[in-house]
Amino acid sequence: MIPELGHFALALAVVIAAAQAVLPLIGAARRDAALMASAPSLAFGQFLALALAFGALLWSSVVSDFSVYNIAENSQSLKPLLYKITGVWGDHEGSILLWCLILALCGAAVGAFGRALPAAVRARVIGVLGATSAGFVLFSLTVSNPFVRLWPPPWEGQGMNPLLEDPGLAFHPPILYAGYVGFSIPFAFALAALIEGRVDAAWGRWVRPWALAAWAFLTGGIALGSWWSYYVLGWGGYWFWDPVENASLLPWLAGTALVHSAIVVEKRDALKIWTVLLAIGTFSLSLCGTFLVRSGILNSVHAFANDPARGVFILVLLALVIGTALALFAWRAPRLLPTGIFAPLSREGALVLNNILLCSIAAVVFTGTTYPLFAQLLAGAQISVGAPFFNAAVLPLAIPLFVVMVIGPMLSWKRAALAPALIRLWWVALAALAVGVFATFHTAIFPALGFAASVWLILGAFVDIIARIRLFRLPLATSLARLGGIPLAAWGGAIAHAGMGITVAGIAGMAIAEHRIVAIAAGETVDLGGYRWTLEDLRDAPGPNYSARLADIRVTRDGRVIAVMSPGRRSYPLQRTTTTETAIRTNLLRDLYAVLGEERDGKAVLRLHVNYLAPWIWLGALVMAAGGGLSLADRRLRIGAPLRRAAAPVVAA
Amino acid sequence: MKRKHRRLAIVLACGLGLGSAAALTLFAFRDNLVFFVTPSDLASRGHAGETLRLGGLVAAGSVQHATIDGQPAVRFRVTDGRSSVSVSYIGVLPDLFREGQGVVTLGTLAPDGGFVASEVLAKHDETYMPKDVVEALKKSGHWQPAAGPPPPAATWNTLPATRNGG
């Protein structure tokens, strides 16, 4: 009964989404206030219907209703409750439903928080979101239906892929999807502006918070995914330039460019056509990222399924959404007259350079990711493009980006001089140089470059704030008092840039990580990275739906016990698979990382790593996302705030 | 500076950015493209020194433990049903590595004709076979996916080819 209810709610959502796509747009075209006013209600209605459908699926999973095909395939009654809940989005059908739910949430959010928007803009934005939603909910209903029944129902489900039974991965999809789908709102704003034929500073002010929120979620989602692959896969790496990873990196790069170019639209009323194109491009990359990868078109270890019907539906849908948007752009963009002139050497100029570099990196990553696909289709050659390619092509573009990231915020709008900015940065440059030179004595050139870049980024991020509070030029107390006067958006920017520096430090640290593969018996000892690793015991340990083999390792340094860790291997009888359970002990400056391999002649094969600064990679991403959130909290960015402020002086006077 | 000049400056900057991106891409492609080969490909022509992806099935009964340069290693044969090649690998094998099942290895061909792998990827779950392995089997004429599921994995390395020549 409950699954049928969910099925019905899903069908209802398609109908409401179709109405949401048509009525508000007609209303906006005819200036019909009643039709335009229907937009938020329809958006709420669609969200409620999808929430009901999602709730029904969640219920079926929690009570282990194996008469639902999707649950029988991916769940089992012994699974812990947490994974029964999160397992709902662990498979293809459920994750598509979650995707649709978040898209509907975006429409409802514009309905709820967009009261201050002009009625026509709000109606068009919600209409575009409705049209997009209608397509994808229809996809879920027709070829990816999570509520299909199975008769007769099996006694026990097939169980979930044990790799996915992990708290990190449990919350990775919702956060990542919130990022991917969040970019639908800037996309809808871009299309609304194209239909309207007008982009102004107010448009930039409306778009930026949504783009920023989506960007913060995407940053967090990517970091969580990378962290998961680091501690679950046990390969000792954190980023493999796998198509799935690249698919999330591409919208992130484009979204980062969008967040920055929207500033120029807002402050200087320039770069409008470009920003509209970026908004379209970012969401298009998100769509391709989710669906091309999920449909298995790009070969990857993460791909879910290879179903031709789904593939064709998705390709047509993507072509429709992206094609319509680009056609609309080609048709209407020439009407958006360029305004706002600025010198190349200015804050705007630096932001343009940032956009060029980010988009160049995105282009390189895109080429590398799709090249094997085209090589196979066009030449029949089977080629793969791996990490060496991406490292060689991305690094040279990242370095100028890091340089501009620090200098850009020091320049003034419209027209700036380089010399004063450089003078204020001399001590940062000196510190970065000192660290870089010091590092070259100990490491190879690239990690040294990375450490220098991270010092440059972290210190450089706060030079502007230091200048604003006139630290050491005014009495310290006065300076600190001035800290409160700095707008949150400035803090957010500085913190996000520093976060990038922290991540770069982590990446550089990982580049000098040490590792060793050994085969030792219990009681034997090996040395690595200044630590002494002793294999104390090999033992069996039972679990709820698996049996495990654990190796107890004691790590000492100068006779002092640093850590006792137990890496292991679990075998899941139901799924007939084994998983590696990596053991990690961190003190934030380095990770001790141990993996248990197979056993032979009483000896255990162990892979031991000392990963310097590894946690900084994800910590930096969190700091970046927090910086985005802080910017978002700035009153000036909040939707409707300008209106209220415009009203305030009248009262005061 | 006139508007025209500014626009020219921006266009030039974009061109420079995309141009250098294209140059970097091409430059990196030259050294870092990795071609996929099957054991038959390796047998028919030499690829010494190149980095390659070798795909096929782990021949049943071929996995041996060894020690290379004092580190624990493993040797196994990768087969596509027509020919097979010996692979040596230092490190921990992935969870899903099994005899008779699909595997993709990244590495180089040593002068002695053995393949030295730096990475070993096993297939991701019980029902999914890496695309590269499917290609290798199709190429050697052992399996047409349209004709049904692959024959039992344990028989792969002894299976006669259904297609001659090629």
Go through (1) farther than 21 Å from B:V87 by Cα; (2) more than 13 Å from chain A (Cβ to nearest Cβ); (3) not basic (K, R) one by one and return the number of the condition B:L12 breaks. (2)
With respect to the numbered conditions (1) within 13 Å of chain B (Cβ to nearest Cβ); (2) buried (at least 16 other Cβ atoms within 10 Å of the Cβ); (3) in a helix (DSSP H, G or I), which one is the sole condition not fulfilled by A:M405? (1)
Kindly establish whether A:G236 is crowded, with 24+ Cβ neighbours inside 10 Å and either farther than 22 Å from A:A43 by Cβ or in contact with a Ser or Thr (Cβ under 7 Å, 6 or more places away or on another chain) (or both). no
When both residues are 6+ apart or on different chains and their Cβ atoms are under 6 Å apart, which pairs have a first residue that lies in the range A:234-261 and is within 12 Å of chain B (Cβ to nearest Cβ), and a second that is among the hydroxyl-bearing types (S, T, Y) and outside any helix (DSSP H, G or I)? A:G234/A:T580; A:G234/A:T582; A:D242/A:S300; A:P243/A:S300; A:V244/A:S300
Tabulated pairs, the range B:95-117, first within 19 Å of B:N32 (Cα to Cα), second surrounded by fewer than 20 Cβ atoms within 10 Å (Cβ to Cβ) and among the polar types (S, T, N, Q), C-beta under 6 angstrom, 6+ apart or interchain: B:L106/B:S118; B:G107/B:S118; B:T108/B:T51; B:V116/B:S88; B:V116/B:T108
Go through the range B:2-34 and report how many residues are surrounded by 12 or more Cβ atoms within 10 Å (Cβ to Cβ) and in contact with a Pro (Cβ under 8 Å, 6 or more places away or on another chain). 8
State the number of residues belonging to the range A:173-198 that are within 19 Å of A:L57 (Cα to Cα) and crowded, with 20+ Cβ neighbours inside 10 Å. 2
Any idea which of B:L33, B:L93, B:L16, B:L54 is hydrophobic (A, V, I, L, M, F, W, C), on the phi < 0 side of the Ramachandran plot and over 16 Å from the mean Cα position of the chain (by Cα)? B:L16
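Taking the condition surrounded by 24 or more Cβ atoms within 10 Å (Cβ to Cβ), hydrophobic (A, V, I, L, M, F, W, C), in contact with a Ser or Thr (Cβ under 6 Å, 6 or more places away or on another chain) and assigned by TED's automatic domain parsing to the domain that holds A:A18, does A:V88 pass?
So A:V88 fits the description; yes.
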Which residue is nearest to B:A73 (Cα to Cα), if the candidates are limited to the range A:518-541 and must be outside any strand (DSSP E or B) and more than 14 Å from chain B (Cβ to nearest Cβ)? A:A522
Leading residue by the ranking (nearest to A:Q382 (Cα to Cα)) among those in the range B:59-79 that are among the aliphatic types (A, V, I, L, M) and more than 14 Å from chain A (Cβ to nearest Cβ): B:V78
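Criterion first (touching a Gly at 6+ places or on another chain (Cβ under 9 Å) and more than 29 Å from A:M160 (Cα to Cα)) does A:L25 satisfy it? Before the answer, list the steps.
Details: touching a Gly at 6+ places or on another chain (Cβ under 9 Å): yes; more than 29 Å from A:M160 (Cα to Cα): yes.
Yes.
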Subset of the range A:331-371 (residues that are without any contact (Cβ under 8 Å) to a residue 40 or more places away in the chain and within 11 Å of chain B (Cβ to nearest Cβ)): A:P344, A:I356, A:S360, A:A363, A:V364, A:T367, A:Y371
Taking the condition closer than 23 Å to A:L315 by Cα, in contact (Cβ under 8 Å) with a residue 60 or more places away in the chain and either touching a Gly at 6+ places or on another chain (Cβ under 7 Å) or crowded, with 24+ Cβ neighbours inside 10 Å (or both), does A:V125 pass? no
Taking into account only those residues within the range B:90-99 that are assigned to a loop (DSSP other than H, G, I, E, B) and within 12 Å of another protein chain (Cβ to nearest Cβ), which is surrounded by the most Cβ atoms within 10 Å (Cβ to Cβ)? B:V92
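Let's see how each residue does on (1) within 17 Å of A:A170 (Cβ to Cβ); (2) touching a residue at least 24 places away in the same chain (Cβ under 8 Å); (3) assigned to a helix (DSSP H, G or I):
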site	(1), (2), (3)
A:G27	no, yes, yes
A:A39	no, yes, yes
A:G45	no, yes, yes
A:W99	yes, yes, yes
A:A116	no, yes, no
Would you mind telling me which numbered condition in (1) within 13 Å of another protein chain (Cβ to nearest Cβ); (2) surrounded by fewer than 13 Cβ atoms within 10 Å (Cβ to Cβ) B:R45 fails? (1)
Just checking, does the range A:542-558 include any residue being free of Cβ contacts under 8 Å to residues at least 24 places away in the same chain, assigned to a loop (DSSP other than H, G, I, E, B), outside the structural domain of A:L81 (by TED's automatic domain parsing) and over 31 Å from the mean Cα position of the chain (by Cα)? yes
Could you say whether any residue in the range A:378-398 is without any contact (Cβ under 8 Å) to a residue 12 or more places away in the chain, assigned to a helix (DSSP H, G or I) and more than 26 Å from A:A452 (Cβ to Cβ)? yes
Mind checking which pairs have a first residue in the range A:182-206 that is β-branched (V, I, T) and a second that is not in a helix (DSSP H, G or I), Cβ under 8 Å, 6 or more apart or different chains? A:V199/A:L336
Within the range A:376-389, residues being in contact with a Ser or Thr (Cβ under 9 Å, 6 or more places away or on another chain) and more than 7 Å from chain B (Cβ to nearest Cβ) number 0
Select the strands (runs of 3 or more DSSP E) contained entirely in the range B:14-89, then report the ones holding at least 1 residues which are more than 29 Å from A:F374 (Cβ to Cβ). B:51-58, B:64-68, B:71-79
Scope the range A:600-621; condition more than 10 Å from chain B (Cβ to nearest Cβ) and more than 25 Å from the chain's Cα centre (by Cα); matching residues: A:G602, A:L608, A:H609, A:V610
Looking only at the range A:110-161, count how many residues are in contact with a Leu (Cβ under 7 Å, 6 or more places away or on another chain), small (G, A, S) and closer than 16 Å to A:H92 by Cα. 2
Within the range A:559-578, the residues that are assigned to a strand (DSSP E or B), over 22 Å from A:H609 (Cα atoms) and among the hydrophobic types (A, V, I, L, M, F, W, C) are none
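The values are calculated or read from the model by the stated rules, or taken from the named source; none is laboratory data. Remember, predicted model here, so these are calculated numbers, not experimental data. Glycine gets a Cβ as well: all are built from the backbone with ideal geometry, and neighbour counts include every protein chain shown.
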